[in-house]
Each structure stands twice: as C-alpha cells, then as structure tokens.
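Any read-out appearing in this document is the output of simple, stated calculations on the displayed coordinates, not a laboratory observation. It should be emphasised that the depicted structure is a prediction, and the values quoted were computed from it without experimental measurement.
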Amino acid sequence: MGKKQDELTKEKQKNDNQPQETEPTKEEESKLINLSKELLKVDVDSITDEEEAKNVAEDLRRVIRYHDWRYYVLANPVISDYEYDQLFKKLKDLEKKFPSIITPDSPTQRVPKGLIKEFPKVKHLVPMLSLDNSYNPEDLREFDRKVKEITGLKEVEYSVEPKFDGAGIALVYENDLFIRGATRGDGEEGDDITPNLKVIKSIPLKAEFSKYGIKTAEVRGEVVIRKDVFKEINEKRLEEGLPPLANPRNAAAGALRLQDPNEVAKRGLEAFVYQLTYAVDDKGNNLLGKKIKKHSDAIKMLYDLGFKAPYKELKVCKNIDEVIEYCKEWEEKRRDEYPYEIDGMVVKVNDISLYDILGATSHHPRWAIAYKFKPRQATTRLIDVVFQVGRTGAITPVGKLEPVEIGGVVVSSVSLINEDFIREKDIRIRDLVLVERAGDVIPYIVKVIKEARTGKEKPIVFPKNCPSCGSPVYKLPGEAVYRCLNINCPAQVIERIKHYASKDAMDIRGLGEATIRKFYELGFLRRLPDIYRLPFDKIEKLEGFGKKSVENLKKAIEESKNRPIYRLIYGLSIRYVGLATAKTLAKHIKCVEDLKDWTVEDLMKLPDIGPVVAASIYDFFHNDENIKTIYELKELGVKTCEEKKEEVKHVLDGLTFVFTGELDCCSRKEAQEMVEKLGGKASSSVSKKTSYVVVGKNPGSKLEKAKKLGVKIIGEEEFLRLVNQS
C-alpha cells in the first residue's frame, strides 16, 4: 500500500471541495476501482508506522471521493453500500489512531459533495447529515453508552423504524402549502426539484401544519419505488429492448433528475417521510423539543396530516435491548415481506429535547444511528463460465465467481440466464461484477463494473454442441435460450428423473441427485418408468446401500404410485407447467392420457392457460415417446386416473385468502393448503379481489394495504371457524 499518487490526481485534489472535479478517464477509473478492492483487504489495526498510515489514508480519500462522485453525481455506484461503508470506516479508524494525518478536505471532515448542474441550488433549513452506521448489536450498545454518557441518563427511550433504500429529499411547507422540495445534495444545499416532487401523489400539496401551531416546516424523506412496481418497470423495459434498471434506489434517484415532470409521474415513485427537522410558529419560535416533544409524536402527526410516514412500523423501545430485538425481528422475519426495499433500521433518541445536548459531528448526528442489515450486494470477479443442461434441454450459462460473502452466505456461482442477458450487460470473463442476493433468490449479476476493465477480459462464447451429449444446439424461433433437442441427452434424463422424484412432484425420498447419477452411470435408470423397475437385489450390494436404505427406497417408490394425478402431471416436466397449471389440468380430466385428445383451443378455455402454455401441453401429449412413457407408468402401477367426485360446495368456494403474520394453528403453507382443499384460493398479495386477509402475530404491510383497500380482515379463530364450517 502507500502507492505514489499520480501527478494529475494530486493536482486535482489540492483544494478539493468536490469528490471529483473532472471526469476521470477509463484508465483512471479502473485503477481507482481496483485500488478500492485492495484497500478493503487492509487491516488498519496492524498499521503502526505514521508514514504508512498517511499513505493508506490518502489512498482511501482518493477512492472515497471517486465513489462519492459515482453515487451523488451519476447515481451509478460501482461498489456496494457495505463496501463503501467499510472504506469510510477504515479511514475514520486510521485518522483516529493517527490524528496528525487528518487533512481539512478529508471525507470524514465533511458531508460528501457533488451535484448535477441542471437544477438550481437551494439551502436546506437544517443541514441534512448522513447517519452513522452499525452492523451488529455491539455497535448499538456502544451508541447507547455514548448517548447515556453525554446526557447523563441511566436509561434512554428510542424509536426504531425501517431505513428506506431510496433517494433522500427535503420538503418545505409554508402556511400549510408545499413550496419547495430538494435533493440531499451536499447536506448544506441540494437541487431544487419541486416540479418533479409535486407529481408524486404521496406528497401532499397542502398539509395542515397550522393545526399544530406550525407556520414553517421542513420534512425529511426518501423517494422509493415498490418492489412489484420496479419489477413491472423492468419487464416493460425488457419488452422494449431496453436494459433493466439495477435496483429501485438507482431507479428512484434517476427519475428525480428527469427534466420533464410528466416523465417523472410515469415512474411509479412514492415518498416516505421519516423526520420533522424544522418547525417554527408565526413568531419564529422553534416547536421541536418543546411543543413537539418526541420523534414518535412527530411521525404520528405527519401520518395524520396525510404523509406516507412509517407510523405503523415505528416502535418505541424503552432500552437498547428492545431496540436490538426489534432490529433482528425485521432483518430475520419482516424484511422480505415488506413491499419496499429497506437496508436496515434507523434508531433515534425519541426525546427531541436531547438532540441539542447530543449534537452532531461534521458527518452525522449523535442522536441517531442506522443499524444496517447484512449486505445483499458485493463486488467480485467472474472467473469462468460453465454451461448446464436442464430437464427441458435449456442450456444455461452459470458464472463461477471468486467466492464472496453476501447476506451471511458465501456465493461462488451465479446464473447468467441466457445469451441475451449476457449481451445486454456485456458480461465478460474476468469482469468485476456487482452481485446481489435477495432473500432466497438465486444470486444474479446486477451490473458489470466496466470502469475496472484492464483489457484482459474475454467474451463469453456459447457452445455449438450440447456439453452433455454433443448434439447440435438450437435457438428456436421466439426463444432466448439455446436447447439440446436430444430427448435421451444424459443431463436432461438425470434432471427429469430428479424433478419427477422431487417433493412437490412424486416425492420419492431417497432418490436424490447423487443416487440418480449413480444409477444412471450403472445403467439402472434411463427413463422415468425405470424407477419402478430398479434391481434392488443389485442395489443392495452397492457401497453405501444397506438393507434398510434399500427397503426405505423401495417403500418410497411404491408410495409414489398413489400420488394425486396433478403431481404426476407436474412431474412429467412439461414446459411452462408448474404446480398451479398441473392442478388446473387435473380438475378437468379423468385420466392424464386423456390430454392427448385435447386441442390447443380446448386447453385455452381453462383458467390461466394462454396460447404459449397451451401449445406446449399440446406438443407434449402429441409426442409418441411421451404417451408411451405415460402408458408404461400406468402398467407399472402408477395412478394416472382419478374418479371425479361429485362437486361439493364449500363456504370457501370462490373466496381468495391472504395470510400475514404467524399463526398458532399451523404454518402459512399448511393454512394455504387448507384453503385450496376446500375450494378457495390462497394468494400472496392483497388486491381489491381479496376476500379475506387473515392476520396472525407480527403482521406485515399486507395488513395496512388491506385496510386501505377495505378488504375484510379476520383473525386466526375466525379463519378456523370458516374452515370448519366448510
């Protein structure tokens, strides 16, 4: 470390009031990004020499200024928030250890600056500071200790609320009217984007602050995009041949900078407000901490005035232990269900009168801290690409990564989806990439850090022959994927048998991937019917197979013969046919083989089956090999027909249920199955068509949506009464 600064960068930083005064060249950007990765590995605690500390600190300042410019000016960061925070923390720790190396222009001595030039600048009524970050309970306890030390209190009451991952804004109201809105900017002044904010319907153009004696108010907030709206925007962009947006935060920030408010109105933006930072009466008296004594009261007031405020999500905690418990609850249980992207929780001293006592550093207030969830994004390098063959012959490119921890899980592979995805993002082997892992979703590449390229990157070349069987591969008309059309391709056979034996299909326990591969190699398994012809006498002699394990496998295979026919349909690996479609088909036939007599038009008359799905089902049941397989399964004892019971009307017929929170009686999945067995429908989202929202312990945002839409809300007891009545 401690590399010599190049002369251009040194000159540029002499009197630096901006993170990046001139746009860096591609070569400079590549060096800065790679330097960032090196600095993330530096152990600040091991540095004992002041000269070394000075050199490392200067490198850290260089890269932090660059990343500030990427984030605040371009709204296009090239590292994750977590990695940025780690760089900033290393600089703070180094300067704390060696105070003599602190420079006046260090990012730790001021709020990052950097604004685009298209909008006029306005000064905030109160400086808009960042929040200090914490990543573990110990940091929160240290925050609590400092608050108690400064205030002299033995216990402190805190408010805790979600930390929205969007674009920061400040709204000013005068005599109840919205008169100005601005971006965060450099914390002292921001861009005046009032026309753009006026088209966001969740921002009231008039709010009766005067009811509370307030003449002038400044409200802080965050512009966000709902997860489902963001998904729809990206789907539409892909249909139009445009590249998908990286994440809701960048999409929101970019939309706010559009020059045409009419275009902003189309972007599905919403605004949450989370702080009343300025409130004076007509005589100029400050009402915060006096008439408005607590932050939780201010949030309730904003909510009552018609703002979208986290009133329902906010919890007042009497001590730091309750704070930690509530933060963990959101990270582990509520984060994924929440309809907006949040990257942590904000912890604030609830008593506003203590804010002046606690004060602020040049960078953040001492009365608040952000508890950041485990990062779900990280940058790493794509080191190779392999091609996997699925059960329908689809050839999927899988990227092999330098292992990186994301959200507590080490990620080393990522789906590259298809050739179009790779071409759109211009992904190359040896690229530095930003990878995201959200909940249980398979990790995917959000963006390529093209600025880090060195010229050693290689294009990804798709194979012309199947990597499993060597047959030529084809891209069929209207499809984005290459396929191997050889139905006897080993990879396809193994994947189809694996799917057939899976839990949601025929549920053959003991017939997992490793066993299937072994049996395939030994010639025991080549087609689905072979499952019911396995030579157990030979299997019993194989290493790793004892008498008991063979008996268990034999029993599981025998039990699979009597599964409901919808599970057999699902297990046949018909393209586009998931469990829901399989259930629809099963309801309308007596025997699986009857589907060979259905036309595409017949199939399209069924609920939720469109032309593409209907054509796929038709093609499957007009393939001689597939029909032969079904008849063989039938001869081997697999149930392919079900007597149709006379339809019994239930109380739940035609009703749609949505569940939120934890139930005592059963898991959410079991409750949904109860509804479906009794003729109802279980949905994961609330709409005007929802009949009931069933509320358990710790309900999520679905409860609020149900209230707004006027959907009937019931508890667990009433739900069980309905089930028992039917």
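General remarks:
- Computed over the chain: relative contact order in percent, which uses C-alpha pairs under 8 Å that are six or more apart: 9
- Shown in residue order for segment 554-563 are the 3J(HN,Hα) couplings computed by the Karplus curve 6.51 cos²θ - 1.76 cosθ + 1.60 at θ = phi - 60°: 4, 5, 5, 5, 5, 5, 5, 5, 10, 5 Hz (x for Gly and Pro).
- Calculated log₁₀ intensity ratio I(q)/I(0) where the Debye formula runs over C-alpha points of segment 656-725, q = 0.13, 0.17, 0.29 Å⁻¹: -0.30, -0.52, -1.54
- The three principal axes of the Cα atoms in segment 142-285 give end-to-end lengths of 60, 40, 26 Å, sorted in falling order.
- Relative contact order (%) - criterion: Cα under 8 Å, at least six apart; region: segment 380-459: 27
- Tilt relative to the chain, helix 50-68 - C-alpha long axis, 0 to 90 degrees, to 10: 70
- The chain: calculated mean residue ellipticity at 222 nm from DSSP helix runs of at least 4, using -39500 (n - 2.57): -10000 deg cm²/dmol
- Sequence-separation-based contact order of segment 221-354, relative, with Cα cut under 8 Å and 6+ spacing, percent: 28
- For the listed residue pairs LYS590/LYS681; LYS231/LYS475; LYS447/LYS475; LYS283/LYS372; LYS206/LYS707; LYS425/LYS518, the alpha carbons are over 30 angstrom apart in LYS283/LYS372; LYS425/LYS518.
- Kirkwood radius and radius of gyration were both taken over the C-alpha atoms of segment 490-635, and their ratio Rg/Rh is 1.01.
- Pairwise Cα separations in segment 493-578 fall into 10 Å bins from 0 onward with the following percentages, short to long: 18, 53, 25, 4.
- Taking the square roots of five times each eigenvalue of the Cα gyration tensor of segment 474-524, the equivalent ellipsoid has semi-axes of 25, 15, 7 Å, listed largest first.
- Amide proton proximity set for TYR482, modelled H, under 5 Å, gap of 5+: ILE395, GLU419
- Alpha-carbon Rg/Rh ratio, for the chain, with Rh computed the Kirkwood way: 1.01
- When the pairs LYS148/LYS348; LYS163/LYS308; LYS328/LYS374; LYS54/LYS146 are compared against a 18 Å limit on Cα-Cα distance, LYS54/LYS146 fall above it.
- For segment 429-506, the share of alpha carbon pairs falling in successive 5 Å distance bins from zero is 3, 12, 12, 12, 16, 19, 16, 7, 3, 1, 0 percent.
- Theoretical gain in end-to-end length, VAL126 to LEU522 [0.36 nm per residue, Cα-Cα removed]: 135.1 nm
- Using alpha-carbon coordinates, inclination of helix 716-725 to the longest axis of the chain, degrees: 20
- For q = 0.11, 0.18, 0.19 Å⁻¹, Debye-computed log10 I/I(0) when each Cα of segment 380-459 counts as one equal scatterer: -0.27, -0.73, -0.80
- Cα-only Debye scattering, segment 128-372: base-10 log of I(q)/I(0) at q = 0.16, 0.18 Å⁻¹: -1.23, -1.47
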